[in-house]
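The values are calculated or read from the model by the stated rules, or taken from the named source; none is laboratory data. Please read these numbers as outputs of a predicted model, since none were measured by experiment. Here the Cβ is made from the backbone with ideal geometry for all residues, glycine too, and neighbour counts use every protein chain on show.
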Amino acid sequence: MPRSYEVRTFGCQMNEHDSERIAGLLEADGLVPAADGQPADVVVLNTCCIRENADNKLYGNLGHLKRAKDARPDLQIVVAGCLAQKDRDLVRQKAPWVDVVLGTHNVHRAAELVTAARTGGPITEILDEAVLDDHALFPSALPARRETAYNAWVTIQIGCDNTCAFCIVPAVRGREISRPFDEIVDEVRALAAGGVTEVTLLGQNVNSYGRDLALAARQHDGTTRVRPWFADLLRAVGEVEGIRRVRYTSPHPKDLRPETIEAMATVASVCEHLHLPLQAGSDRVLAAMHRGYTAERYLERLAAARAAVDDLAVSTDLIVGFPGETDDDFAQTLEVVAAAEYDFAYTFLFSPRPGTEAAALTEQFVDPAVAGERFERLRVVVERSALAKHRARIGRTEEVLVEGPSKKDPTVTSARTRQNKLVHFRTERPLRAGSYALVEVTGAAPHHLTGELREVVQEATHVRRIPVAAL
């Protein structure tokens, strides 16, 4: 009987995509997914370290798994991802019952390490940087077991060259390395041939995609223009037959170029949704964060995008309580957020991550009670804008991509618009995930829309849906 596995994912879309590849590698090595409710023989925790509670989640999970390991000594526990990259040997010091620790640069070694640890004992393997001559440094180059069969993540770039004071990503993901252009387009063609109709291009800073490749080409031929290729990539991917929707994440405001906005406006399959992280509205705080733009410049680029792309929805990331943030700084953030009129925002309380510049600013840390009160005030402003945006859509008929039954009410179908808005509606018969439909919007809330089904315009074309467990 084959051994079984389970992958538990923490964190961002990049981690979700890494988990798909880890699962694919384990299956290629003969393992099978653990049945619902049944214990797995190999449990992989793919970790995040962006915020402090990520540490608590990991070691809390490892504490529960120790009891399982005591009862079943053959159980193998694997810790992968960003927190493993950061903590390295500390993982097994805190949890010596862990069998394998691997980082962000050797995902392609997951199955090999599990096999080696089974006979040779615990292994910690952390690489300091990606192996440039190994195509497997890109998760999309590895076998996959995707969470859904009708849409897919496609890695276009790994690492980050920015120096944001609060962010640990460069330390755990390394410098920016772009994946070859033709390789990306070929993967999208293969996905479309398998029935995938929506792809999301992934990178830590997608706007700068290809800049390193162009620089290398210029050094070789002396003529290539050094510039990002992201707009070109959007066009090429958007023209792949069978792809109805193209999304991307995450861009950096300082690198949002006019040609990218133009591609969003003119390529029919590129969705009308822009995630543009603001982080703060105070120029003083933005400078301390090393974000590379001012609030005015940010709003100018946002206005240019909205002017060019009809019916553009905009989401953002915001940090409350960055070290040294004053009442006046926060008031400026509220003003910019109100002016931006976001459709949605991910809001976070500042979380010091060891190894980042901001973590050392302990004397400037904002009192938690003050930060919490600011957080609530910000939430009110964000939700006010979101609700207004959603109410303005009542009476419109939207094309939606069906995701399946609602998690809260299985009698309700959940779907997503091109603007990445969640819509709930009822149907006479179940609609297969991956189908496209037209829904008239009849109600609005800050975080979702409700509607009535008008027409199914395309049945799902993929062959099957394959789950990967996520937390």
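Matching residues to (1) assigned to a helix (DSSP H, G or I); (2) loosely packed, with under 14 Cβ neighbours inside 10 Å; (3) in the same structural domain as residue 20 (by TED's automatic domain parsing); (4) at pLDDT 95 or above:
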site	(1), (2), (3), (4)
387	yes, no, no, yes
410	no, yes, no, no
419	no, no, no, yes
427	no, no, no, no
449	no, no, no, yes
464	no, yes, no, no
468	no, no, no, no
- Message: residue 317 - would you say it is surrounded by fewer than 19 Cβ atoms within 10 Å (Cβ to Cβ) and closer than 17 Å to residue 204 by Cβ?
- Response: yes
- Query: Restricting attention to region 72-79, does a residue exist that is out of contact with any Asp or Glu (no Cβ under 7 Å at 6 or more places or on another chain) and closer than 30 Å to residue 177 by Cβ?
  - Reply: yes
- Message: Going through 23, 34, 80 one at a time, which residue ends up being out of contact with any Ser or Thr (no Cβ under 8 Å at 6 or more places or on another chain), closer than 23 Å to residue 115 by Cβ and small (Gly, Ala, Ser)?
- Response: 23
- Query: Which of (1) in contact with a strand residue (DSSP E or B) (Cβ under 7 Å, 6 or more places away or on another chain); (2) at pLDDT 95 or above does residue 210 not meet, given it meets every other one?
  - Reply: (2)
- Any residue in region 146-165 that is at pLDDT 65 or above, buried (at least 21 other Cβ atoms within 10 Å of the Cβ), β-branched (Val, Ile, Thr) and under 22 Å from residue 79 (Cα atoms)? yes
- Task: Specify which of the listed residues (258, 253) is surrounded by fewer than 16 Cβ atoms within 10 Å (Cβ to Cβ) and either touching a residue at least 24 places away in the same chain (Cβ under 8 Å) or closer than 23 Å to residue 337 by Cα (or both).
- Result: 258
- Task: Residue by residue through region 244-281, note down the ones that are of a type in the set (Ser, Thr, Tyr) and touching a Phe, Trp or Tyr at 6+ places or on another chain (Cβ under 7 Å).
- Result: 260
- Note on the structure: Taking region 389-398 and keeping only residues that are in contact with a strand residue (DSSP E or B) (Cβ under 7 Å, 6 or more places away or on another chain), charged (D, E, K, R) and either outside any helix (DSSP H, G or I) or buried (at least 17 other Cβ atoms within 10 Å of the Cβ) (or both), one is left with 393, 396, 398
- Task: Select from region 280-295 the residues that are among the charged types (D, E, K, R) and within 15 Å of residue 252 (Cα to Cα) and list them in ascending order.
- Result: 291
- Determine whether region 96-114 contains at least one residue that is at negative phi, at pLDDT 95 or above and among the polar types (S, T, N, Q). no
- Candidates 12, 48, 82 - the one that is in contact with a Gly (Cβ under 8 Å, 6 or more places away or on another chain) and surrounded by fewer than 24 Cβ atoms within 10 Å (Cβ to Cβ): 48
- Note on the structure: Residues in region 348-371 that are of a type in the set (Phe, Trp, Tyr) and in a loop (DSSP other than H, G, I, E, B) total 2
- Query: For region 325-378, how many residues are touching a Leu at 6+ places or on another chain (Cβ under 8 Å), among the small types (Gly, Ala, Ser) and surrounded by fewer than 16 Cβ atoms within 10 Å (Cβ to Cβ)?
  - Reply: 2
- Query: From the list 72, 8, 51, 21, which residue is within 27 Å of residue 275 (Cα to Cα), modelled with pLDDT of 90 or more and not aromatic (Phe, Trp, Tyr)?
  - Reply: 8
- Does residue 345 meet the test of being modelled with pLDDT of 95 or more, in contact with a strand residue (DSSP E or B) (Cβ under 7 Å, 6 or more places away or on another chain), part of a strand (DSSP E or B) and not assigned by TED's automatic domain parsing to the domain that holds residue 444? yes
- Residue check, residue 9 touching a strand residue (DSSP E or B) at 6+ places or on another chain (Cβ under 7 Å) and closer than 18 Å to residue 158 by Cα: no
- Message: Return the residues of region 297-323 that are more than 24 Å from the chain's Cα centre (by Cα), over 15 Å from residue 372 (Cα atoms) and not in a helix (DSSP H, G or I); say none if nothing qualifies.
- Response: 310
- Residue that is surrounded by the most Cβ atoms within 10 Å (Cβ to Cβ) [pool: residues in region 261-309 that are closer than 28 Å to residue 242 by Cβ and in contact with an Asp or Glu (Cβ under 6 Å, 6 or more places away or on another chain)]: 309
- Item | Search result, residues across region 194-213 that are without any contact (Cβ under 8 Å) to a residue 60 or more places away in the chain, among the β-branched types (Val, Ile, Thr) and either out of contact with any helix residue (DSSP H, G or I) (no Cβ under 8 Å at 6 or more places or on another chain) or assigned to a helix (DSSP H, G or I) (or both) | 206
- Query: Of all the residues that make up region 399-408, how many are surrounded by fewer than 21 Cβ atoms within 10 Å (Cβ to Cβ) and closer than 20 Å to residue 268 by Cα?
  - Reply: 1
